[in-house]
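Where a number appears in this text, it was derived from the coordinates with a stated rule and is not lab data. Predicted model, so just to flag it, every value in this text is computed and none were measured. Here the Cβ positions follow ideal geometry from the backbone for every residue, glycine too, while neighbour counts run over all protein chains shown.
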Amino acid sequence: MTTYETSSTQSNRNLAAILTFLVIVIVLMVIALLNAPTMGGPKVMASASTYLQEVRRTALPFLGAVAVLAIALGMSAARMVYREWPYPKRRLNLIMGYAFLAPYLLITLTFTVGVVLFAFYISFNNYDIFTPPQWAGLSNYAKAFQGKDFLQSLYNVLWYTLIVVPTQTTIAILLAVLLNSSINFKQFFRTIFYAPSVTSSVVITLIFIWFYLKTGYINFFLAKFFGVFGLHWQNINWLGDPRGLIQLIVQAFGGDIPSKQWYFRGPSIAWMSIMFQNIFTTAPTFMIMFLAALQDINPTLYEAASIDGANGWQQFRNITLPLLRPIILLVVVLGTIGTLQVFDQVYLATSGGPLGTSLTPVFIVFREALGSQGPIRMGYASGLAFILAVLIFFFTFLQRRFISNETQLY
Amino acid sequence: MAVKVETLKQVGTQQPGKPGSYYVGTFLRYLLLALIGLILFMPFILAALGTFKTDAEIISFPPKLFPQEWHVENWARVWNTDLGNGGTFPRWLFNTAFLAVTVAVLEVIFCSMAAYAFARMEFPGRDAVFNFMLATMMIPGAVTLIPAYVLMTKLHLINSFGSLILPGAVSAGSIFLLTQFFKSIPKDLEEAAVIDGAKHSEIYREVIIPLARPALLTVFILQFQAMWNAFLQPLLYLNSADKYVLNVALSIFQQQFKAQWNLTLVGAMFNAIPVMILFFIFSKYYIEGVAYTGIKG
């Protein structure tokens, strides 16, 4: 603070600001260069110079846009450095702070921000890696709603979220309340309940595919169960059955829904089988979160309520649930984000079938990006991913509004 | 008031005597807990028993609980599978473990550094960067999937472990968890260190890191598990048999063995058992981490 005036610090100060500006602009431009929308392929990727040539040919507008951003960011950072430089302690804090953040910032800017910018640009292009991107305007977004596949995937995933999220949240709360009741071996049961959830979704899905076979345990248990009442159970090929829930109800009354009106059929048996598996594996995870919240509730609240003559259900309804609301919001939001992006189960168990009743947006994104069914369409796939992202933001926002509004009632 | 006194009396009299219904209720509660535990474990029990069945037995109807004969050699058959190009089971196990440990170690180092800056240092732009980090947590994985793949081709990282290690070396979730934890460490300790003339790098190394060991262990375990269980990225990036991780190998297995479910299930067990063991050893840290963040692989 005292050495403010001397000219040597003044020149140091200018130098530091200029250096900051240069470093930020160069780093950001290198990241942009790595993520520049050019064609790939062995010819372009042969060396740095062939790549740069290709960048110059097709990606200059993209780099220009990023450059504007980089310069703006660099200038504000340079001003910050200029302002802090004369004070030795603040200067040190500034340098150390960003030094500690550097690994995180570099990786995130490259692998998150950079790639998102690339994806956004490419979603307005036709792009398959092997040819230069071609500007296509909004056609990728329009195309998403013209074909049946993506619409059906949204339809499926909405049913999925609608059924899975409330069910798994309810089960998780019930399990947590049960575990939190006055029992011994609390830790032991908590561990046992949660253990199956630590394994990978691939393992669980494979085991469940085996369960769902026509000769599998699910049919076996159902046959045993109905046998008790003297009824015959017709074995179902669970993961291959396209009949929808609403369609089954209509069929019970002798009608049917034609495949043209697939959107009236409801979730298929195959799709509901995957839902069941998902609930089974996710509920214990959320149970852990609820349990932690329950243990934070002051026990005197329950004591006071029971003195006032409130029974177990009233205590649950009027004390536990209201106090759990923040966690319920978190669990519902996390559950929604997860269910809207379901992939592993679909890839392994059904590949989107039967009749597209287990298609999901992420599965289509994967399929289109790799061209495993038809040509590689990365621009289109990126467009779909952004539509999904908007949907996720929308739901998160809605739930936040809805659930926090409700909280004010209490 | 009179009513309250009465109920108080009732509550009071119930405690010492403990009527028969109390024991019945407790018994039913434990029965219910045991039953739920059994149901949740059922897939693993049935799958583990299935690994010892013959090819025919595993898909016969009605299925039996226990194998007629215990075919222990199924495990050896899977362990000795060779997909060519160096694609063997020990190799995949090594790949998976190597990736999981590497990513988890890098996460602990880099995320704790960032968390220290967020929790303990004062500098302009800190809150802006923190908010930026929270915003990146909202980006769904589906959006970054394709462009990350293109970037990996440009960096010549396709079919190399770098494609999973580099982007996996930090995560907003871990930084968030550690930031919260660092904030809860009392500042007095550090003020003593500052009077001693310690710099930030020393406070970080000598004060915060030793005190934050449980939180760091939580991050390590959660990230280890997340990488061990990762499927979509490895499936996309790793495409030669010697580079597969267990999950990818398993999905190929399932297509290759078709109806030989006994063998596929052995593969599933090889995949599940190490994480389960790790979980039972460190269950406390696991559960605390999940309870705080909801992160799960």
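Points to keep in mind about this one:
- Counted charge near A:S358, where neighbours are those whose Cβ lies closer than 15 Å (Asp, Glu -1; Lys, Arg +1): +1
- With the simple model of a label 7 Å out from the Cα in the direction of the Cβ, A:L245 to A:R401 spans 2.5 nm.
- Listed by chain and number, the aspartates and glutamates whose C-alpha is less than 12 Å from the C-alpha of B:K53, apart from same-chain residues fewer than 8 away, are B:E69, B:E73.
- Magnitude of the charge dipole, region B:20-78, Cβ model with Lys/Arg +1 and Asp/Glu -1, debye to 20: 260 debye
- Mean projection of the Cα convex hull over all viewing directions, computed for region A:148-407: 17.8 nm².
- Since only B:L31, B:V78, B:Q68 are under comparison, the one whose Cα sits farthest along the positive direction of the charge dipole of region B:20-78, derived from C-beta charges on Lys, Arg, Asp and Glu, is B:L31.
- Think of each Lys and Arg Cβ as +1 and each Asp and Glu Cβ as -1; about the Cα centre, that makes the dipole of the protein assembly as shown roughly 560 debye.
- Length-normalised contact order for chain A - Cα pairs under 8 Å, 6+ apart - percent: 20 percent
- Per-residue mean of C-beta atoms belonging to partner chains within 10 Å, peptide A:89-99: 5
- Once C-alpha pairs closer than 8 Å and six or more residues apart are averaged by separation and normalised to the residue number of chain B, the relative contact order reads 28 percent.
- The base-10 log of I(q)/I(0) for chain B, evaluated at q = 0.07, 0.13, 0.16 Å⁻¹, reads -0.44, -1.02, -1.26 [Debye formula, identical scatterers on Cα atoms, solvent excluded].
- Distance distribution note for region B:128-188: the fraction of Cα pairs above 13 angstrom is 71%.
- A:R83 paired with B:N159, simple spin-label distance in nm, labels 7 Å along Cα-to-beta-carbon: 5.2 nm
- Furthest towards positive pole of dipole, A:I18, A:F189, A:N278, structure part chain A, Cβ charges: A:I18
- Within region B:82-293: Cβ-based charge dipole about Cα centre, in debye rounded to nearest 20 (Lys, Arg +1; Asp, Glu -1): 500 debye
- If R0 is taken as 25 Å, the Cβ-Cβ distance between A:F221 and A:F188 corresponds to a FRET efficiency of 0.40.
- Whole-number D in µm² s⁻¹ for region B:20-78, Kirkwood Cα-pair radius fed into Stokes-Einstein, 10 °C, 1.306 mPa s: 115 µm²/s
- Computed from the Kirkwood radius of its Cα pairs, the Stokes-Einstein diffusion coefficient for region A:282-353 at 10 °C and 1.306 mPa s stands at 109 µm²/s.
- Sites B:N85 and B:Q255, calculated FRET efficiency, Cβ-Cβ separation with R0 22 Å, nearest 0.05: 0.85
- Entries of A:K89/B:K187; A:K260/B:K258; A:K186/B:K64; A:K186/A:K224 with Cα pairs more than 22 Å apart: A:K260/B:K258; A:K186/B:K64; A:K186/A:K224
- Label zone of A:A102 (point 7 Å out along Cα→Cβ, amide N under 15 Å): in region A:11-28 this covers A:19-28.
- Over chain A: helical MRE at 222 nm, DSSP H runs n ≥ 4 each giving -39500 (n - 2.57), nearest 500: -22500 deg cm²/dmol
- Counting Cβ atoms of other protein chains within 10 Å of each Cβ in A:186-197 and taking the mean gives 6.
- By the count of other C-beta atoms within 10 Å, a proxy for reagent exposure, A:F402, B:F98, A:F211 are ordered fewest to most as A:F402, B:F98, A:F211.
- Net length available on complete extension from B:K284 to B:I39 is 85.9 nm, with 0.36 nm assigned per residue and the Cα-Cα distance removed.
- Among A:D128, B:D242, A:D308, the ranking by other beta carbons within 10 Å of each residue's beta carbon, starting with the fewest, stands as A:D308, B:D242, A:D128.
- Long-range Cα-Cα pairs in the protein assembly as shown (distance over 42 Å), rounded percent: 36 percent
- With neighbour counts taken as other beta-carbon atoms within 10 Å, the residues A:V68, A:V23 rank, fewest first, as A:V68, A:V23.
- Cα-projected label distance for B:K187 with B:A56, points at 7 Å along beta-carbon direction, nm: 7.6 nm
- Per residue of B:169-176, other chain Cβ atoms within 10 Å of the residue Cβ number 3 on average.
- Here is the size of region A:7-122 from its Cα atoms: Rg then Dmax, 17.1, 54 Å.
- Under 18 Å from a label point set 7 Å out along the Cα-to-Cβ vector of A:V228, no amide N atom of region A:257-301 is found.
- Within the listed set B:M113, B:M138, B:M276, the Gaussian network model of chain B (springs between alpha-carbon atoms below 10 Å) gives the highest mean-square fluctuation for B:M138.
- Candidates A:F145, A:F100, A:F290: whichever shows maximal mean-square fluctuation once chain A is modelled as a Gaussian network with Cα springs under 10 Å: A:F100
- Net charge over other residues, Cβ less than 14 angstrom from the Cβ of A:G379 (K, R count +1; D, E count -1): 0
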